[in-house]
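J.: One structure, pasted below without further comment.
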Amino acid sequence: MVNRPRRLRRNAQIRDMVRETRLCITDLICPIFVVEGSGIKSEIPSLKGIYHFSIDKLEEEVKEIIALGLTSVILFGVPNRKDDFGKEASSKMGIIQKAIKEIKRVAPELYVITDVCLCQYTSHGHCGILDNSGIVDNDKTLVSLGEVALSHAISGADMVAPSDMMDGRVDYIRKVLDNNNFMDIPIMPYSAKYSSNYYGPFREAVSSSPAFGDRKTYQMDSANSDEAIREIKLDIEEGADLIIIKPALSYLDIIQRAKDNFNIPIVAYNVSGEYAMLKMAVDNGVVSEQIIYETILSIKRAGATMIITYFAKYLATKM
């Protein structure tokens with residue numbers, strides 16, 4: 001007898017019936033960049049098709065996101081004021097705090113996730129408080145991260161996503177939230193965040209490039225896989241409700257290993273450099289735009305439950 005797998009590829013109907021991986025609109029988390037000022041909807045030069053929005057321009061963007069069927073966003077803020085300690089990050093009138101309130105005014109049903117970190121808010125561009133030698137002080141940084149997460153919850157965030165890669169941050173933030181009656185706010189840490197060159201466009205978008213050195217003392221070495229599993233395990237033990245793996249495309253093996261090892265929702269971050277390269281290739285006719293769907297589908301196939309992607313709105317128009 002001849003085995004004929006092609007029988008199940010004969011036409012579109014049977015191919016759809018036996019399709020193993022499906023990408024849904026609810027799998028997608030849409031990033032939004034918020035800036036101080038008014039009347040601002042400005043395209044980010046390194047991220048074609050992605051914009052900075054001032055608070056007064058959020059209503060139009062949020063209504064479009066809702067109309068497309070997207071259900072969740074993740075917020076990144078660009079403040080006007082920076083200092084060595086990133087104090088603006090936890091201000092009641094901070095850019096993210098104001099953005100949360102405006103989004104909830106316009107669309108209470110939209111699920112709002114906030115990035116919790118200090119790099120956009122520190123004058124030195126690092127993700128924490130520096131000690132006298134210029135190294136990030138892990139435990140002092142935890143205090144600031146707790147303050148930031150709490151301020152986001154008070155402002156109405158549905159979920160917080162610490163992206164700093166400090167040791168013990170999930171446990172510390174969980175205690176801060178619980179002690180202030182925010183037991184129901186989930187924590188989605190960037191559990192395996194690699195020190196990657198794929199972040200370049202994002203750092204330009206939020207003006208967060210380190211003023212000196214790099215982030216290799218706290219972000220992961222791109223050569224390591226077993227370490228990612230240890231990091232994820234620690235975050236889960238500390239109370240993580242979901243975990244993020246970042247970047248996505250060059251780390252599909254990490255997504256797959258996490259899926260095989262842990263029974264927890266896995267979020268993959270399809271980062272700015274991945275977006276920019278693919279967008280440029282499509283815009284220049286090097287590849288068909290159908291490659292966008294294929295690429296994001298590959299992240300889901302690797303084991304991601306949800307995907308943070310700058311292609312969210314584009315994909316929603318096609319799905």
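The values are calculated or read from the model by the stated rules, or taken from the named source; none is laboratory data. Computed from a predicted structure; not experimentally measured. Neighbour counts run over all protein chains shown; Cβ positions are idealised from the backbone, glycine included. Side chains are part of the model used for accessible areas, which takes the heavy atoms of the whole protein and leaves out ligands, DNA and RNA. Shrake-Rupley method; radii C 1.70, N 1.55, O 1.52, S 1.80 Å.
J.: Helix-derived [θ] at 222 nm for the chain: sum -39500 (n - 2.57) over DSSP H runs of at least 4, divide by residue count, nearest 500?
T.: One gets -11000 deg cm²/dmol as the mean residue ellipticity at 222 nm.
J.: Let me ask something else about it. Using only the alpha-carbon atoms, how far is helix 252-261 inclined from the longest principal axis of the chain? Give it as 0 to 90 degrees, nearest 10.
T.: That works out to roughly 90 degrees.
J.: In addition: Note the listed values [x] 19.8, 74; [y] 23.0, 76; [z] 19.1, 58, then indicate which one is Rg and Dmax of the Cα atoms in Å calculated from this particular structure.
T.: So the calculated entry is the one marked [x].
J.: For a quick check of your reading of the filter: which chymotrypsin sites (Phe, Trp or Tyr not before Pro) in segment 150-251 sit in a DSSP loop and have no more than 14 other Cβ atoms within 10 Å?
T.: Within segment 150-251, the qualifying chymotrypsin sites (Phe, Trp or Tyr not before Pro) (loop, at most 14 other Cβ atoms within 10 Å) are Phe212.
J.: Further, regarding this structure: Can you give me the angle between helix 95-106 and the longest principal axis of the chain, using Cα atoms only, in degrees from 0 to 90, rounded to the nearest 10?
T.: In the chain, helix 95-106 runs at an angle near 60 degrees to the longest axis.
J.: Need one number: % antiparallel among DSSP beta bridges in the chain, to the nearest 5.
T.: Among the beta bridges of the chain, antiparallel pairing accounts for roughly 15 percent.
J.: Still on this structure, please answer the following. Roughly what would the spin-label model give for Ser250 and Glu109, points 7 Å off Cα along C-beta, in nm?
T.: Each label point lies 7 Å from its Cα, and together they span 4.0 nm.
J.: Say R0 is 25 Å: what FRET efficiency, to the nearest 0.05, do Ala223 and Lys259 get from their beta-carbon distance?
T.: 0.75
J.: For Met220, enumerate residues with amide H under 5 Å from its amide H, sequence gap 5+ or separate chain, H modeled in the peptide plane.
T.: Amide H neighbours of Met220, under 5 Å, 5+ apart: Lys193, Tyr194, Ser195.
J.: Once each part is reduced to its C-alpha centroid, what is the distance from segment 1-29 to segment 195-243 in angstrom?
T.: Between the Cα centres of segment 1-29 and segment 195-243 lies a distance of 35 Å.
J.: Specify the angular offset, from 0 to 90 degrees and rounded to the nearest 10, of the alpha carbon long axis of helix 138-155 from the longest principal axis of the alpha carbons in the chain.
T.: Taking Cα atoms only, the helix is inclined about 80 degrees.
J.: Compare the peptides 164-170, 20-26 by average per-residue count of other Cβ atoms within 10 angstrom and give them in order, highest first.
T.: The most tightly packed comes first, giving 164-170, 20-26.
J.: Oh, and also: Hey, what do the phi angles of segment 174-179 turn into as Karplus ³J(HN,Hα) couplings, whole Hz, using 6.51/-1.76/1.60 and θ = phi - 60°, x for Gly and Pro?
T.: 4, 5, 4, 5, 5, 5
J.: Over the chain, what is the relative contact order in whole percent, taking alpha-carbon pairs under 8 Å and six or more residues apart?
T.: 18 percent
J.: Which order do you get for Thr309, Thr295, Thr317 if you rank them by accessible area with a 1.4 Å probe, largest at the top?
T.: I get Thr317, Thr295, Thr309, largest accessible area first.
J.: Based on the Cβ-Cβ distance of Phe212 and Lys175, what FRET efficiency does E = 1/(1 + (r/R0)^6) give at R0 = 41 Å, to the nearest 0.05?
T.: 0.80
J.: Explain nothing, just the number: relative contact order of segment 129-235, from Cα pairs under 8 Å at least 6 residues apart, as a whole percent.
T.: 24 percent
J.: Under the Kirkwood approximation for Rh and a Cα-based Rg, what ratio Rg/Rh is obtained for segment 104-178?
T.: Rounded to two decimals, Rg over Rh is 1.03.
J.: Using only the Cα atoms of segment 198-292, what do you get for the radius of gyration and for Dmax, in Å?
T.: 15.6, 47
J.: Put +1 on the Cβ of each Lys and Arg and -1 on the Cβ of each Asp and Glu in segment 31-137; which of Ile65, Ile32, Pro79 then has its Cα farthest toward the positive end of the dipole?
T.: Ile65
J.: Compute the length gained on full extension between Asn11 and Lys318: take 0.36 nm times their separation in residues and subtract their Cα-Cα distance, giving the result in nm to one decimal.
T.: So the extension gain works out to 108.4 nm.
J.: Ordered by residue, what ³J(HN,Hα) values in Hz, to whole numbers, does segment 289-300 give under the Karplus form 6.51 cos²θ - 1.76 cosθ + 1.60, where θ = phi - 60° and Gly and Pro are x?
T.: 5, 5, 5, 5, 4, 4, 5, 5, 4, 5, 5, 5
J.: Just name one of Ala161, Cys117, Phe212: the one whose Cα is farthest towards the positive end of the charge dipole of the chain (beta-carbon charges, Lys/Arg +1, Asp/Glu -1).
T.: Value: Ala161.
J.: Student exercise: in segment 203-319, how many lysine pairs 8 or more apart or on different chains have Cα atoms under 18 Å apart?
T.: 10
J.: Per-residue HN-Hα couplings for segment 48-65, Karplus 6.51 cos²θ - 1.76 cosθ + 1.60 at θ = phi - 60°, whole Hz, x for Gly and Pro?
T.: 4, x, 10, 10, 8, 10, 7, 4, 6, 9, 5, 4, 4, 5, 5, 5, 5, 4
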